[in-house]
Amino acid sequence: MTRKAFVTGITGQDGSYLAEILLSKGYEVHGLIRRASTFNTCRIDHLYEDPHDPDRRLFLYHGDLTDSLQLTNLLYDVAPDEVYHLGAQSHVKVSFEMPEYTGNVTGLGATRLLEAVKRSGIKASFYQASSSEMFGSSPPPQDEDTPLRPRSPYAAAKVYAFWMAVNYREAYGLPVSNGILFNHESPRRGETFVTRKITRAIAHIVAGKQKYLYLGNLDAKRDWGYAPEYVEAMWLMLQQAQPDDYVIGTGEAHSVREFVDEAFSYVGLDAREHVKTDSRYFRPTEVQVLIANTKKARQRLGWEPKVTFGQLVRIMVDADMESQGLKPIGEGRATLSRLGLNHADRALVNPTGGVER
Ligand code: NAP
Ligand code: GDD
(Lines give C-alpha, C1' and ligand atoms only; values in the text may rest on other atoms or scores of the structure.)
(Ligands and ions follow the chains in the order given, each with its own letter.)
Protein backbone atom coordinates (compact mmCIF):
# COMPACT_ATOMS: atom_id res chain seq x y z
CA MET A 1 0.00 0.00 0.00
CA THR A 2 1.24 3.50 -0.86
CA ARG A 3 1.76 5.55 2.30
CA LYS A 4 -0.02 8.90 2.43
CA ALA A 5 1.29 12.08 4.03
CA PHE A 6 -0.65 15.26 4.72
CA VAL A 7 1.52 18.39 4.87
CA THR A 8 0.53 21.88 6.04
CA GLY A 9 2.93 24.64 5.00
CA ILE A 10 3.87 22.71 1.85
CA THR A 11 4.55 25.98 -0.02
CA GLY A 12 7.13 27.06 2.60
CA GLN A 13 10.86 26.35 2.73
CA ASP A 14 10.58 23.14 4.76
CA GLY A 15 7.33 21.96 3.20
CA SER A 16 8.85 22.06 -0.27
CA TYR A 17 11.90 19.98 0.73
CA LEU A 18 9.74 17.59 2.73
CA ALA A 19 7.39 17.06 -0.23
CA GLU A 20 10.44 16.23 -2.37
CA ILE A 21 11.79 13.60 -0.01
CA LEU A 22 8.38 12.06 0.64
CA LEU A 23 7.71 11.75 -3.10
CA SER A 24 11.18 10.26 -3.58
CA LYS A 25 10.36 7.67 -0.88
CA GLY A 26 7.20 6.66 -2.78
CA TYR A 27 4.60 8.51 -0.68
CA GLU A 28 1.42 10.08 -1.95
CA VAL A 29 1.67 13.69 -0.73
CA HIS A 30 -1.41 15.80 0.12
CA GLY A 31 -0.67 19.45 0.77
CA LEU A 32 -2.67 22.36 2.15
CA ILE A 33 -2.20 25.65 0.30
CA ARG A 34 -3.65 29.08 0.95
CA ARG A 35 -5.75 30.75 -1.68
CA ALA A 36 -3.99 33.91 -2.84
CA SER A 37 -4.77 36.37 -5.62
CA THR A 38 -1.39 35.49 -7.17
CA PHE A 39 0.30 32.08 -7.30
CA ASN A 40 2.16 31.27 -4.09
CA THR A 41 3.44 27.84 -5.10
CA CYS A 42 6.83 28.77 -6.58
CA ARG A 43 8.76 26.49 -4.19
CA ILE A 44 6.80 23.42 -5.32
CA ASP A 45 6.11 24.23 -8.97
CA HIS A 46 8.83 21.77 -10.03
CA LEU A 47 6.81 19.01 -8.29
CA TYR A 48 3.48 19.96 -9.87
CA GLU A 49 1.58 17.17 -11.60
CA ASP A 50 -1.33 17.49 -14.00
CA PRO A 51 -4.52 16.87 -11.96
CA HIS A 52 -5.77 14.72 -14.84
CA ASP A 53 -2.81 12.32 -14.55
CA PRO A 54 -4.25 9.13 -12.99
CA ASP A 55 -0.81 8.21 -11.59
CA ARG A 56 -0.08 11.51 -9.88
CA ARG A 57 1.14 11.45 -6.29
CA LEU A 58 0.96 15.14 -5.36
CA PHE A 59 -2.45 16.54 -4.40
CA LEU A 60 -3.05 20.14 -3.34
CA TYR A 61 -6.07 21.54 -1.51
CA HIS A 62 -7.08 25.06 -0.62
CA GLY A 63 -7.45 25.60 3.10
CA ASP A 64 -6.30 27.64 6.03
CA LEU A 65 -5.16 26.91 9.56
CA THR A 66 -7.96 29.15 10.83
CA ASP A 67 -10.62 26.96 9.14
CA SER A 68 -11.17 23.95 11.39
CA LEU A 69 -14.08 22.55 9.36
CA GLN A 70 -11.97 22.33 6.22
CA LEU A 71 -9.09 20.73 8.16
CA THR A 72 -11.39 18.06 9.62
CA ASN A 73 -13.02 17.34 6.25
CA LEU A 74 -9.66 17.05 4.51
CA LEU A 75 -8.16 14.71 7.07
CA TYR A 76 -11.28 12.55 7.01
CA ASP A 77 -11.26 12.37 3.20
CA VAL A 78 -7.51 11.87 2.72
CA ALA A 79 -7.00 9.54 5.73
CA PRO A 80 -3.22 10.01 5.79
CA ASP A 81 -0.76 7.74 7.59
CA GLU A 82 1.42 10.71 8.57
CA VAL A 83 0.59 14.37 9.22
CA TYR A 84 3.37 16.98 9.08
CA HIS A 85 2.19 20.25 10.58
CA LEU A 86 4.58 22.91 9.24
CA GLY A 87 2.17 25.76 8.49
CA ALA A 88 2.66 28.88 10.61
CA GLN A 89 3.16 32.62 10.68
CA SER A 90 6.84 31.87 11.16
CA HIS A 91 8.51 35.31 11.31
CA VAL A 92 9.53 36.36 14.82
CA LYS A 93 9.72 40.12 14.14
CA VAL A 94 6.34 40.08 12.36
CA SER A 95 4.83 38.35 15.39
CA PHE A 96 5.44 41.50 17.47
CA GLU A 97 3.35 43.43 14.94
CA MET A 98 0.67 40.73 14.61
CA PRO A 99 0.55 39.00 18.00
CA GLU A 100 -3.12 38.00 17.83
CA TYR A 101 -2.91 36.64 14.27
CA THR A 102 0.28 34.76 15.15
CA GLY A 103 -1.42 33.21 18.17
CA ASN A 104 -4.38 32.23 16.02
CA VAL A 105 -2.41 30.63 13.17
CA THR A 106 0.80 29.41 14.85
CA GLY A 107 -0.74 28.45 18.20
CA LEU A 108 -4.41 27.61 17.71
CA GLY A 109 -3.71 26.29 14.20
CA ALA A 110 -1.94 23.31 15.79
CA THR A 111 -4.89 22.68 18.13
CA ARG A 112 -7.29 22.78 15.19
CA LEU A 113 -5.23 20.23 13.28
CA LEU A 114 -4.76 17.94 16.30
CA GLU A 115 -8.49 18.10 16.97
CA ALA A 116 -9.18 17.39 13.29
CA VAL A 117 -7.05 14.23 13.53
CA LYS A 118 -8.90 13.18 16.67
CA ARG A 119 -12.38 13.96 15.30
CA SER A 120 -11.82 12.30 11.95
CA GLY A 121 -10.81 9.10 13.71
CA ILE A 122 -7.69 8.48 11.63
CA LYS A 123 -4.63 6.76 13.12
CA ALA A 124 -2.01 9.10 11.72
CA SER A 125 1.41 9.86 13.22
CA PHE A 126 1.67 13.63 13.75
CA TYR A 127 4.71 15.91 13.48
CA GLN A 128 4.50 19.32 15.21
CA ALA A 129 7.02 21.90 13.95
CA SER A 130 8.28 23.19 17.28
CA SER A 131 11.09 25.69 17.49
CA SER A 132 14.31 26.49 19.34
CA GLU A 133 12.84 29.99 19.66
CA MET A 134 10.74 28.48 22.50
CA PHE A 135 13.90 28.29 24.67
CA GLY A 136 14.08 32.08 24.62
CA SER A 137 16.18 33.28 27.55
CA SER A 138 17.23 29.80 28.75
CA PRO A 139 21.03 29.64 28.49
CA PRO A 140 22.67 27.32 25.92
CA PRO A 141 23.22 24.54 25.13
CA GLN A 142 19.52 23.68 24.89
CA ASP A 143 18.08 20.15 24.88
CA GLU A 144 14.70 18.45 25.33
CA ASP A 145 14.73 19.19 29.11
CA THR A 146 15.66 22.88 28.90
CA PRO A 147 12.94 25.17 30.34
CA LEU A 148 10.86 27.05 27.75
CA ARG A 149 11.14 30.82 28.31
CA PRO A 150 9.67 32.43 25.19
CA ARG A 151 10.66 35.98 24.23
CA SER A 152 8.23 36.75 21.39
CA PRO A 153 4.56 36.27 20.49
CA TYR A 154 5.75 33.70 17.92
CA ALA A 155 7.66 31.74 20.56
CA ALA A 156 4.74 31.93 23.03
CA ALA A 157 2.40 30.57 20.32
CA LYS A 158 4.86 27.73 19.58
CA VAL A 159 5.10 26.90 23.31
CA TYR A 160 1.30 26.62 23.45
CA ALA A 161 1.30 24.40 20.33
CA PHE A 162 4.14 22.28 21.78
CA TRP A 163 2.17 21.54 24.96
CA MET A 164 -1.04 20.89 23.04
CA ALA A 165 0.88 18.30 20.98
CA VAL A 166 2.14 16.68 24.20
CA ASN A 167 -1.38 16.83 25.66
CA TYR A 168 -2.99 15.06 22.68
CA ARG A 169 -0.31 12.38 22.97
CA GLU A 170 -0.89 11.86 26.70
CA ALA A 171 -4.66 12.44 26.87
CA TYR A 172 -5.77 10.54 23.76
CA GLY A 173 -2.80 8.30 22.98
CA LEU A 174 -2.25 9.93 19.59
CA PRO A 175 1.26 9.31 18.15
CA VAL A 176 2.34 12.96 18.20
CA SER A 177 6.02 14.04 18.07
CA ASN A 178 7.56 17.49 18.47
CA GLY A 179 10.62 18.33 16.42
CA ILE A 180 12.34 21.22 18.21
CA LEU A 181 14.32 22.52 15.28
CA PHE A 182 17.04 25.14 15.45
CA ASN A 183 17.39 27.63 12.59
CA HIS A 184 17.79 25.98 9.20
CA GLU A 185 18.35 27.80 5.97
CA SER A 186 18.66 27.25 2.23
CA PRO A 187 18.32 29.05 -1.10
CA ARG A 188 14.56 28.63 -0.60
CA ARG A 189 14.58 30.53 2.71
CA GLY A 190 12.15 33.47 2.78
CA GLU A 191 13.93 36.70 1.79
CA THR A 192 13.30 38.50 5.10
CA PHE A 193 15.03 35.98 7.37
CA VAL A 194 18.50 37.24 8.14
CA THR A 195 20.63 34.68 6.26
CA ARG A 196 18.72 35.04 3.02
CA LYS A 197 18.48 38.80 3.42
CA ILE A 198 22.29 38.86 3.57
CA THR A 199 23.02 36.46 0.68
CA ARG A 200 20.41 38.08 -1.55
CA ALA A 201 21.78 41.55 -0.80
CA ILE A 202 25.29 40.40 -1.69
CA ALA A 203 24.13 39.22 -5.11
CA HIS A 204 22.34 42.54 -5.61
CA ILE A 205 25.47 44.47 -4.60
CA VAL A 206 27.66 42.46 -6.99
CA ALA A 207 25.05 43.05 -9.73
CA GLY A 208 25.18 46.80 -9.03
CA LYS A 209 21.52 46.98 -7.96
CA GLN A 210 22.10 47.87 -4.30
CA LYS A 211 24.89 49.51 -2.30
CA TYR A 212 23.96 49.04 1.37
CA LEU A 213 22.45 46.27 3.47
CA TYR A 214 20.56 47.40 6.59
CA LEU A 215 20.41 44.94 9.48
CA GLY A 216 19.44 44.84 13.16
CA ASN A 217 21.20 43.02 16.01
CA LEU A 218 24.51 41.68 14.69
CA ASP A 219 25.48 40.09 18.02
CA ALA A 220 22.69 37.49 18.23
CA LYS A 221 23.99 33.94 17.81
CA ARG A 222 22.17 31.16 16.07
CA ASP A 223 22.78 27.46 15.42
CA TRP A 224 22.31 27.47 11.63
CA GLY A 225 21.93 24.27 9.59
CA TYR A 226 20.95 23.25 6.06
CA ALA A 227 17.17 22.80 5.69
CA PRO A 228 17.03 19.66 3.46
CA GLU A 229 18.88 17.71 6.17
CA TYR A 230 16.36 18.85 8.78
CA VAL A 231 13.28 17.62 6.91
CA GLU A 232 14.89 14.16 6.84
CA ALA A 233 14.89 14.35 10.67
CA MET A 234 11.14 15.12 10.62
CA TRP A 235 10.51 11.97 8.62
CA LEU A 236 12.76 9.88 10.88
CA MET A 237 10.78 11.01 13.96
CA LEU A 238 7.56 9.60 12.51
CA GLN A 239 9.22 6.26 11.70
CA GLN A 240 9.97 5.51 15.38
CA ALA A 241 7.95 2.92 17.31
CA GLN A 242 7.06 5.50 19.98
CA PRO A 243 6.25 9.21 19.56
CA ASP A 244 8.67 11.55 21.32
CA ASP A 245 10.22 15.03 21.25
CA TYR A 246 13.63 15.73 19.68
CA VAL A 247 16.03 18.67 19.43
CA ILE A 248 17.58 19.08 15.96
CA GLY A 249 20.53 21.38 15.22
CA THR A 250 24.26 21.40 14.51
CA GLY A 251 25.59 22.10 18.03
CA GLU A 252 27.54 25.11 16.76
CA ALA A 253 26.57 28.79 17.03
CA HIS A 254 27.69 31.81 15.01
CA SER A 255 26.74 35.45 15.30
CA VAL A 256 24.89 37.37 12.61
CA ARG A 257 28.12 39.39 12.23
CA GLU A 258 30.07 36.18 11.49
CA PHE A 259 27.52 35.21 8.84
CA VAL A 260 27.87 38.65 7.29
CA ASP A 261 31.68 38.51 7.25
CA GLU A 262 31.81 34.97 5.89
CA ALA A 263 29.34 35.76 3.09
CA PHE A 264 30.85 39.07 2.00
CA SER A 265 34.42 37.77 2.04
CA TYR A 266 33.36 34.76 -0.08
CA VAL A 267 32.65 37.13 -2.99
CA GLY A 268 35.67 39.35 -2.21
CA LEU A 269 33.71 42.26 -0.71
CA ASP A 270 34.44 44.14 2.52
CA ALA A 271 31.28 44.01 4.68
CA ARG A 272 32.29 47.24 6.45
CA GLU A 273 31.73 49.16 3.22
CA HIS A 274 28.19 47.87 2.73
CA VAL A 275 26.53 46.89 6.03
CA LYS A 276 24.72 49.43 8.23
CA THR A 277 22.36 48.94 11.16
CA ASP A 278 18.83 50.29 11.33
CA SER A 279 16.77 50.32 14.54
CA ARG A 280 13.68 49.07 12.70
CA TYR A 281 15.24 45.60 12.45
CA PHE A 282 15.82 45.21 16.20
CA ARG A 283 13.21 43.31 18.22
CA PRO A 284 11.57 44.49 21.47
CA THR A 285 12.95 41.35 23.13
CA GLU A 286 15.70 39.24 21.60
CA VAL A 287 16.89 35.65 21.93
CA GLN A 288 20.64 36.07 22.27
CA VAL A 289 22.15 32.59 21.87
CA LEU A 290 20.77 29.29 20.63
CA ILE A 291 22.96 26.15 20.54
CA ALA A 292 21.49 22.67 20.19
CA ASN A 293 22.47 19.63 22.20
CA THR A 294 21.37 16.88 19.79
CA LYS A 295 22.55 13.84 21.76
CA LYS A 296 19.06 12.27 21.81
CA ALA A 297 18.47 12.67 18.07
CA ARG A 298 21.92 11.29 17.26
CA GLN A 299 21.45 8.25 19.50
CA ARG A 300 17.80 7.43 18.77
CA LEU A 301 17.27 8.66 15.21
CA GLY A 302 20.85 8.22 13.97
CA TRP A 303 20.52 11.75 12.58
CA GLU A 304 23.69 13.78 11.98
CA PRO A 305 23.98 16.98 9.92
CA LYS A 306 26.76 17.12 7.31
CA VAL A 307 26.69 20.69 6.00
CA THR A 308 28.87 23.07 8.03
CA PHE A 309 28.30 26.76 8.69
CA GLY A 310 30.83 27.87 6.05
CA GLN A 311 29.38 25.47 3.47
CA LEU A 312 25.84 26.71 4.15
CA VAL A 313 26.92 30.31 3.57
CA ARG A 314 28.56 29.35 0.27
CA ILE A 315 25.57 27.29 -0.93
CA MET A 316 23.26 30.25 -0.32
CA VAL A 317 25.53 32.91 -1.83
CA ASP A 318 26.12 30.78 -4.95
CA ALA A 319 22.37 30.29 -5.43
CA ASP A 320 21.63 34.00 -5.05
CA MET A 321 24.43 34.90 -7.48
CA GLU A 322 22.90 32.54 -10.05
CA SER A 323 19.44 33.99 -9.50
CA GLN A 324 20.87 37.39 -10.48
CA GLY A 325 22.38 35.92 -13.64
CA LEU A 326 25.89 36.11 -12.13
CA LYS A 327 28.54 33.41 -12.25
CA PRO A 328 28.63 31.69 -8.82
CA ILE A 329 31.99 31.40 -7.04
CA GLY A 330 31.28 27.66 -7.13
CA GLU A 331 32.35 26.28 -3.75
CA GLY A 332 28.73 26.00 -2.58
CA ARG A 333 27.74 23.97 -5.60
CA ALA A 334 30.86 21.82 -5.25
CA THR A 335 29.99 21.09 -1.61
CA LEU A 336 26.56 19.81 -2.54
CA SER A 337 27.90 17.40 -5.13
CA ARG A 338 30.79 16.31 -2.88
CA LEU A 339 28.31 15.47 -0.09
CA GLY A 340 25.99 13.75 -2.56
CA LEU A 341 23.21 16.22 -1.80
CA ASN A 342 21.11 16.60 -4.88
CA HIS A 343 19.77 20.08 -4.15
CA ALA A 344 21.05 22.28 -6.95
CA ASP A 345 18.39 24.77 -5.96
CA ARG A 346 17.56 27.93 -7.68
CA ALA A 347 17.10 30.65 -5.12
CA LEU A 348 13.53 31.62 -4.34
CA VAL A 349 12.98 34.93 -6.08
CA ASN A 350 10.15 37.27 -5.28
CA PRO A 351 10.07 39.86 -8.05
CA THR A 352 8.66 42.58 -5.82
CA GLY A 353 11.33 42.05 -3.15
CA GLY A 354 8.87 41.93 -0.25
CA VAL A 355 8.71 44.14 2.80
CA GLU A 356 11.96 44.01 4.76
CA ARG A 357 11.83 42.89 8.43
P1 NAP B 1 7.87 29.30 6.01
O2 NAP B 1 8.82 29.21 4.86
O3 NAP B 1 7.51 30.63 6.56
O4 NAP B 1 6.53 28.53 5.58
C5 NAP B 1 5.35 28.65 6.34
C6 NAP B 1 4.25 27.91 5.63
O7 NAP B 1 3.03 28.07 6.39
C8 NAP B 1 3.95 28.42 4.22
O9 NAP B 1 3.60 27.35 3.39
C10 NAP B 1 2.74 29.31 4.46
O11 NAP B 1 1.92 29.48 3.31
C12 NAP B 1 2.01 28.47 5.51
N13 NAP B 1 0.99 29.25 6.22
C14 NAP B 1 1.16 30.43 6.86
N15 NAP B 1 -0.01 30.85 7.39
C16 NAP B 1 -0.94 29.91 7.07
C17 NAP B 1 -2.33 29.78 7.31
N18 NAP B 1 -3.02 30.71 7.96
N19 NAP B 1 -2.96 28.67 6.83
C20 NAP B 1 -2.28 27.75 6.13
N21 NAP B 1 -0.96 27.81 5.87
C22 NAP B 1 -0.29 28.88 6.34
O23 NAP B 1 8.43 28.43 7.25
P24 NAP B 1 9.55 27.28 7.26
O25 NAP B 1 10.87 27.93 7.47
O26 NAP B 1 9.34 26.36 6.13
O27 NAP B 1 9.19 26.55 8.63
C28 NAP B 1 8.25 25.48 8.67
C29 NAP B 1 7.71 25.34 10.09
O30 NAP B 1 8.79 25.07 10.99
C31 NAP B 1 7.03 26.59 10.63
O32 NAP B 1 6.00 26.15 11.50
C33 NAP B 1 8.11 27.28 11.45
O34 NAP B 1 7.54 28.08 12.45
C35 NAP B 1 8.84 26.07 12.01
N36 NAP B 1 10.27 26.25 12.29
C37 NAP B 1 11.10 26.76 11.33
C38 NAP B 1 12.45 26.85 11.59
C39 NAP B 1 13.41 27.38 10.56
O40 NAP B 1 14.55 27.73 10.94
N41 NAP B 1 13.04 27.42 9.29
C42 NAP B 1 12.96 26.43 12.83
C43 NAP B 1 12.08 25.92 13.77
C44 NAP B 1 10.73 25.80 13.49
P45 NAP B 1 2.25 30.65 2.21
O46 NAP B 1 3.35 30.08 1.34
O47 NAP B 1 0.96 30.83 1.53
O48 NAP B 1 2.73 31.85 3.00
N1 GDD C 1 15.05 38.83 10.08
C2 GDD C 1 16.08 39.63 10.44
N3 GDD C 1 16.33 40.76 9.71
N4 GDD C 1 16.83 39.28 11.50
C5 GDD C 1 17.87 40.08 11.83
C6 GDD C 1 18.19 41.23 11.11
C7 GDD C 1 17.36 41.61 10.01
O8 GDD C 1 17.57 42.62 9.34
N9 GDD C 1 19.30 41.80 11.67
C10 GDD C 1 19.66 41.03 12.69
N11 GDD C 1 18.80 39.98 12.80
C12 GDD C 1 18.85 38.93 13.83
C13 GDD C 1 17.54 38.73 14.59
O14 GDD C 1 17.35 39.74 15.57
C15 GDD C 1 17.80 37.33 15.17
O16 GDD C 1 18.54 37.43 16.36
C17 GDD C 1 18.65 36.65 14.11
O18 GDD C 1 19.12 37.68 13.24
C19 GDD C 1 17.91 35.62 13.28
O20 GDD C 1 16.71 36.21 12.80
P21 GDD C 1 15.78 35.45 11.72
O22 GDD C 1 16.60 35.02 10.57
O23 GDD C 1 14.61 36.32 11.48
O24 GDD C 1 15.38 34.10 12.47
P25 GDD C 1 14.84 33.84 13.95
O26 GDD C 1 15.95 33.17 14.72
O27 GDD C 1 14.23 35.03 14.55
O28 GDD C 1 13.66 32.80 13.69
C29 GDD C 1 13.83 31.71 12.79
O30 GDD C 1 14.33 30.58 13.49
C31 GDD C 1 13.42 30.06 14.47
C32 GDD C 1 14.14 28.86 15.13
O33 GDD C 1 14.96 29.29 16.16
C34 GDD C 1 12.48 31.45 12.13
O35 GDD C 1 12.66 30.52 11.07
C36 GDD C 1 11.48 30.87 13.11
O37 GDD C 1 10.30 30.45 12.41
C38 GDD C 1 12.13 29.64 13.78
O39 GDD C 1 11.25 29.05 14.70
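The values are calculated or read from the model by the stated rules, or taken from the named source; none is laboratory data. Quick caveat: nothing in here was measured; it's all calculated off a predicted structure. All Cβ positions, glycine included, derive from the backbone under ideal geometry; neighbour counts span all protein chains shown. Quick note on the areas: whole protein, heavy atoms, side chains included, nothing else; ligands and nucleic acids left out. Shrake-Rupley method; radii C 1.70, N 1.55, O 1.52, S 1.80 Å.
Selection within the stretch 168-220: residues that are within 14 Å of ligand 2 (Cβ to nearest atom) and among the aromatic types (Phe, Trp, Tyr). The member of this set that is farthest from Asp270 (Cα to Cα) is Phe182. Restrict the check to the stretch 221-230 and report whether at least one residue is within 14 Å of ligand 2 (Cβ to nearest atom), farther than 25 Å from Gln89 by Cα and surrounded by fewer than 21 Cβ atoms within 10 Å (Cβ to Cβ). Checked against the condition, which is being within 14 Å of ligand 2 (Cβ to nearest atom), farther than 25 Å from Gln89 by Cα and surrounded by fewer than 21 Cβ atoms within 10 Å (Cβ to Cβ), the stretch 221-230 yields no hits at all. Selection of the stretch 274-286 for residues being part of a helix (DSSP H, G or I) and either modelled with pLDDT under 95 or surrounded by fewer than 16 Cβ atoms within 10 Å (Cβ to Cβ) (or both) yields Ser279, Arg280.
Criterion first (part of a loop (DSSP other than H, G, I, E, B), of a type in the set (A, V, I, L, M, F, W, C), in the same structural domain as Leu114 (by TED's automatic domain parsing) and open to solvent by less than 40 Å² (accessible area, probe 1.4 Å)) does Leu218 satisfy it?
Judged against the criteria, Leu218 is not a match.
Checking Phe162, Phe193 one by one, the residue that is touching a His at 6+ places or on another chain (Cβ under 9 Å), open to solvent by 10 Å² or more (accessible area, probe 1.4 Å), among the aromatic types (Phe, Trp, Tyr) and within 12 Å of ligand 1 (Cβ to nearest atom) is Phe193 and no other. For the residues His85, His62, His30, His46, the requirement of being surrounded by fewer than 17 Cβ atoms within 10 Å (Cβ to Cβ), farther than 30 Å from Arg280 by Cα and at pLDDT 95 or above singles out His62. Counting the residues of the stretch 21-48 that are within 18 Å of Asp81 (Cβ to Cβ), touching a residue at least 24 places away in the same chain (Cβ under 8 Å) and not in a loop (DSSP other than H, G, I, E, B) gives 8.
Can you name the residue in the stretch 238-273 that is open to solvent by less than 20 Å² (accessible area, probe 1.4 Å) and assigned to a loop (DSSP other than H, G, I, E, B) and, of all such residues, is farthest from ligand 1 (Cβ to nearest atom)? Among those residues, the one meeting the criterion is Leu238. Within the stretch 69-81, does at least one residue satisfy the condition of being within 10 Å of ligand 1 (Cβ to nearest atom) and in contact (Cβ under 8 Å) with a residue 12 or more places away in the chain? Checked the stretch 69-81: at least one residue is within 10 Å of ligand 1 (Cβ to nearest atom) and in contact (Cβ under 8 Å) with a residue 12 or more places away in the chain.
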